[in-house]
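The values are calculated or read from the model by the stated rules, or taken from the named source; none is laboratory data. This is a predicted model, so every value here is computed, not measured. Neighbour counts run over all protein chains shown; Cβ positions are idealised from the backbone, glycine included.
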Amino acid sequence: MPGKVILGAQWGDEGKGKFIDIFAGKADLVVRSQGGNNAGHTVVAGGEKYKLQLIPSGILYPECVNVIGPGVVVNPKAVLGEIDGLHEKGVSTDKLFIDARCHCIMPWHLELDALSEAEKAKEGTAIGTTKKGIGPTYMDKSERSGIRMHDFVDAERFEEVIRETCARKNRVITGVYGGEPIDADAVIAEYKVYADRLRPMVRDTTVMTYDAIKSGKEVLFEGAQGTLLDLDMGTYPYVTSSHPVAGGCCIGSGVGPTAINEIMGIFKSYTTRVGEGPFPTELFDETGDYIRNAGGEFGTVTGRPRRTGWFDAVVARYAVRVNGLTDVVINKIDPLRGLPKLKVCVAYKLKNGETVTEFPANFMDLVDCEPVYEEFDGFDEDITNCRSFEELPATVQSYIKELERIIECPITMLGVGPARDQVMTIK
Ligand code: GDP
Ligand code: IMO
Ligand code: MG
């Protein structure tokens, strides 16, 4: 620190929430910079399980300032639901702030997400989105027609902006998709209440983040989604509509790259993916089921079973490169217990016979490519109580050392269970 990024280095759900929570204990400010409530970050603290979607995982520390940065898309109803849920558990949100530049996810975005997915499904090209309206909201932002928080909480502009936008969106909903129009009056009545509640939290958070960095405070940039879901660097079009890579933290929080000096990439010891899209090391056999069950791999947001597969070092090296990772965490090692052999993909054999070690730009190259594996011995011991590298079985130690050799980036922490303390630092 002062500026530390913690991001997902695979297809999301690597356990970012747990590590953000751990480092937030030492941070003065935690900022989310992209995505929305498509994210689901689980934090297990004091025997309680928290599922955070929009609110930064630093919220569990009363002294920590939590910022929803300008690059995040905010569903007003959802964020208030999350705030209420935290209050019920006795967690204060007094230090939660939302940037005035955030774009609002409105009912038409949810509708358009569902309609577009249904349309694509007919052609077999659905993305498998979380249906939280993420893509349509970022589309409006790029089209320069979205509703930003400063307009949403502006009592004088509110009604006019909603009415105009709703009319425009209804033309698309009815005209393009043949859907039902949205009632602007009902939206105005419902969302006015949300605007009133959110108003005190809305400000220019970029000043807060900059001031914290300038005064040498510890700032954590909380990643959401994962590198391979990045709009440009991921498996396009099977991606999300924001920038989960490290560069996205600057754009989405409004600070320059010089504010960041550590970029930690979180990996699981295997790979998962929710939604559609290529996944070279995916397992369709009982080993895949075994990992899914052992790791509890069911979506935090949608409850969908996550697709599972072996650790993919082609992906890992790519993530090291495109994020400029300074170090790596291998999380969720414990679910691999009981598997006789552990495989790591080190290259892809493409359909044209070529073997590549760099992650291909065109996702079509990944379709039906054959993973080239290195194999390591598995382990049978319960490692969930290990708190140092030396306590781990020799086979696990050697697996981690091999991963570090293959991905060419220092592995500094390991995760062996969902709780805050089920981690270890490698010296
Ligand atoms: P995130 O989106 O990256 O924050 O990850 P999710 O919260 O969506 O998914 C990670 C899941 O794994 C959650 O249910 C966590 O409680 C759990 N988890 C995190 N770390 C570990 C670990 O080391 N071992 C096990 N078994 N579970 C873990
Ligand atoms: P966290 O932060 C895993 C996936 C969706 C879908 C694609 C596009 O918990 O790691 P979207 O709704 O964003 O338009 O869906 O991206 N996706 C995630 N997968 N973890 C996430 O977040 C995700 N957020 C989006 O499943 O494939
Ligand atoms: Mg998640």
If you check every pair at least six apart or on different chains, which have Cβ atoms under 7 Å apart with a residue in the range 1-30 that is of a type in the set (S, T, N, Q) first and a residue that is assigned to a strand (DSSP E or B) and within 14 Å of ligand 2 (Cβ to nearest atom) second? GLN10/PHE267; GLN10/LYS268; GLN10/THR271
Qualifying positions in the range 217-226 - more than 14 Å from ligand 3 (Cβ to nearest atom) and crowded, with 24+ Cβ neighbours inside 10 Å: VAL219, LEU220, PHE221
By residue number, the members of the range 191-218 that are touching a Lys or Arg at 6+ places or on another chain (Cβ under 9 Å), of a type outside the set (Val, Ile, Thr) and touching a residue at least 60 places away in the same chain (Cβ under 8 Å) are TYR191, TYR194, ASP204, GLU218
For the structure I just gave you, tell me whether ARG101 is more than 17 Å from the chain's Cα centre (by Cα), surrounded by fewer than 22 Cβ atoms within 10 Å (Cβ to Cβ) and touching a residue at least 40 places away in the same chain (Cβ under 8 Å). yes
Evaluate the following for THR384: is it under 25 Å from MET264 (Cβ atoms), β-branched (Val, Ile, Thr) and touching a Ser or Thr at 6+ places or on another chain (Cβ under 7 Å)? no
Quick check: anything in the range 74-81 β-branched (Val, Ile, Thr), modelled with pLDDT of 95 or more and in a strand (DSSP E or B)? yes
Residue count for the range 260-301, restricted to those that are assigned to a helix (DSSP H, G or I) and under 23 Å from MET413 (Cα atoms): 3
Note down all Cβ pairs under 7 Å where the first residue falls in the range 330-349 and is of a type outside the set (A, V, I, L, M, F, W, C), the second is buried (at least 21 other Cβ atoms within 10 Å of the Cβ) and part of a strand (DSSP E or B), and they're at least six residues apart or on different chains. ASN331/ILE266; ASN331/PHE267; ASN331/LYS268; ASN331/GLY415; LYS332/LYS268; LYS332/GLY415
Quick check on my filter: what residues within the range 46-61 are within 12 Å of ligand 2 (Cβ to nearest atom) and either of a type in the set (Lys, Arg) or at pLDDT 95 or above (or both)? LYS51, LEU52, GLN53, LEU54, PRO56
Please go through the range 10-51 and pick out each residue that is under 28 Å from LYS141 (Cα atoms) and more than 8 Å from ligand 1 (Cβ to nearest atom). GLN10, TRP11, LEU29, VAL30, VAL31, ARG32, SER33, GLN34, GLY35, GLY36, ASN37, ASN38
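Within the group ALA184, ALA118, ALA126, ALA167, which residue is more than 16 Å from ligand 3 (Cβ to nearest atom), among the hydrophobic types (A, V, I, L, M, F, W, C) and out of contact with any helix residue (DSSP H, G or I) (no Cβ under 8 Å at 6 or more places or on another chain)?
Unique residue meeting the criteria: ALA118.
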Residue under question is PHE376, and the condition is that it be of a type in the set (A, V, I, L, M, F, W, C), modelled with pLDDT under 95 and more than 16 Å from ligand 1 (Cβ to nearest atom); does it hold? no
Looking at VAL43, VAL31, VAL65, which is the one that is modelled with pLDDT under 95, surrounded by 18 or more Cβ atoms within 10 Å (Cβ to Cβ) and within 28 Å of MET424 (Cα to Cα)? VAL43
Is at least one residue of the range 242-255 farther than 25 Å from LEU403 by Cβ and in contact with a Leu (Cβ under 7 Å, 6 or more places away or on another chain)? yes
Flagged in the range 15-28 as closer than 23 Å to PRO257 by Cβ and buried (at least 24 other Cβ atoms within 10 Å of the Cβ), in numbering order, are LYS16, PHE19, ILE20, ALA24, ALA27
Which residues, taken from the range 278-309, are in contact (Cβ under 8 Å) with a residue 40 or more places away in the chain, over 14 Å from LYS268 (Cβ atoms) and away from ligand 2 (no atom under 14 Å from the Cβ)? PRO280, THR287, TYR290
Just to check your reading of the model, which residue among GLU297, GLU286 is more than 24 Å from the chain's Cα centre (by Cα) and among the acidic types (Asp, Glu)? GLU286
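Among strands (runs of 3 or more DSSP E) lying entirely in the range 313-427, which contain 2 or more residues that are surrounded by fewer than 21 Cβ atoms within 10 Å (Cβ to Cβ) and hydrophobic (A, V, I, L, M, F, W, C)?
Because the criterion is at least 2 residues that are surrounded by fewer than 21 Cβ atoms within 10 Å (Cβ to Cβ) and hydrophobic (A, V, I, L, M, F, W, C), the strands (runs of 3 or more DSSP E) in the range 313-427 that meet it are 341-349, 370-377, 411-415, 423-425.
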